[in-house]
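Notes follow the structure.
Each value in this text was obtained by applying a stated rule to the coordinates, not by laboratory testing. Model, not experiment: these values are computed from the prediction. Cβ placement follows ideal geometry from the backbone for every residue including glycine, while neighbour counts extend to all protein chains displayed.
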């Protein structure tokens, strides 16, 4: 089996961050979202991975190539994003008539895909679609199931949902999906939709099974989704202290990476402090991820993601914020009680 991981698209819902970086590279608990997908695929025993790239493709190639993966990785350029089914057609030569899993690279799945891959092998359907039960199915692609749990129909963001089972963004396919992708027409968005391709399989008598995700799943398409995914991942971390702590209190499950300095501060987990950070006279509260090389001084931060190289000085209380790389935030004569930021890379903010 091969794997096709999608890391293209413009990420418009995450602007201004995605003006300067690919959305799948935004970190959750100090690790790019894309890496969670690669790790899940490798854990499932798949060693032949194709990654679909588009805008900012050089960033994706450089970031992925900086790690030694237990797999062969090939980068496949899609160009303009024209739908998930189009991405499969672009990767046709790579897939080479083999079964494959398609994994949207902005998804994070708590328990991985090992059980689902085994179910695909055991049942041997033409397609296995991962579903999860949601409270607001009208905001997702939704599956209608028959009495045997097989998928009868897929509906995109239905006004009256036929079920509460939403498509997760992870799909197992046999090669017949290539024929399906070639047989459908572009949607009103002028894209080849994967839901239309799967519906083609159903309408033409192919077996499409469902596999229900039991643990949490998160699509990190919006800033609030990134913060929620950060909370969920940090909930599972184990404490680790490689940095230096001076005249400070470290409470709960906290990861302090190598070269970091915590001085005259309180750090309360779950949270993670990246390599070579400098935290001075500050409070770092629960559900905060501080990237590598950051400096935080005279500031309270809680429930936030701060990316590599950013500096925050005397900024009062920063909460529920998503702060890009190399951002500068500092006081300028006025100290408000709290701030909420979604800030792009290389910004300069004076408060």
**Q.** Order by protection proxy (mean Cβ within 10 Å, highest first), peptides 241-249, 211-219, 33-41
**A.** 33-41, 211-219, 241-249
Q. Which whole-number percent gives the relative contact order of the chain, counting Cα pairs below 8 Å spaced six or more residues apart?
A. 13 percent
Q) According to the square roots a ≥ b ≥ c of the eigenvalues of the Cα gyration tensor, what is the shape class of the stretch 265-329, taking rounded for a/c under 1.5, prolate for a/b larger than b/c otherwise, and oblate for the remainder? A) rounded
Q. Going by a ≥ b ≥ c, the root eigenvalues of the Cα gyration tensor, does the stretch 35-92 fall in the rounded group (a/c under 1.5), the prolate group (a/b larger than b/c) or the oblate group?
A. oblate
Q: Figure the gain on full extension for residue 62 and residue 214 (residue separation times 0.36 nm, minus the Cα-Cα span) and round it to one decimal in nm.
A: 51.3 nm
**Q.** Label-point separation in nm, residue 118 to residue 331, each point 7 Å along Cα→Cβ
**A.** 5.6 nm
(Q) Distance between the C-alpha centers of the stretch 193-234 and the stretch 275-315? Whole Å please. (A) 33 Å
**Q.** Order of 282, 7 under a 10 Å beta carbon neighbour criterion, fewest first
**A.** 282, 7
Q | Alpha-carbon Debye profile of the stretch 237-350, log10 I(q)/I(0) at 0.15, 0.17, 0.18 Å⁻¹ | A | -0.54, -0.69, -0.78
Q: Please give the FRET efficiency for residue 157 paired with residue 110, using the beta carbon to beta carbon distance and R0 = 25 Å, rounded to the nearest 0.05.
A: 0.55
Q. Which percentage, to the nearest 5, of the DSSP beta bridges contained in the stretch 2-222 is antiparallel?
A. 50 percent
Q.
Within the stretch 288-328, list the residues whose amide N lies under 16 Å from a label point set 7 Å along Cα→Cβ of residue 258.
A. 292-293
Q) residue 92 versus residue 136, label points 7 Å from Cα toward the beta carbon: distance in nm? A) 3.9 nm
Q) Under the definition of Cα pairs under 8 Å and six or more residues apart, what whole-number percent is the relative contact order of the stretch 169-288? A) 15 percent
Q | Segments 89-102, 297-310 sorted - mean Cβ within 10 Å per residue, highest first | A | 297-310, 89-102
Q: Give the angle, between 0 and 90 degrees and rounded to the nearest 10, that separates the Cα long axis of helix 194-203 from the longest principal axis of the Cα atoms of the chain.
A: 30 degrees
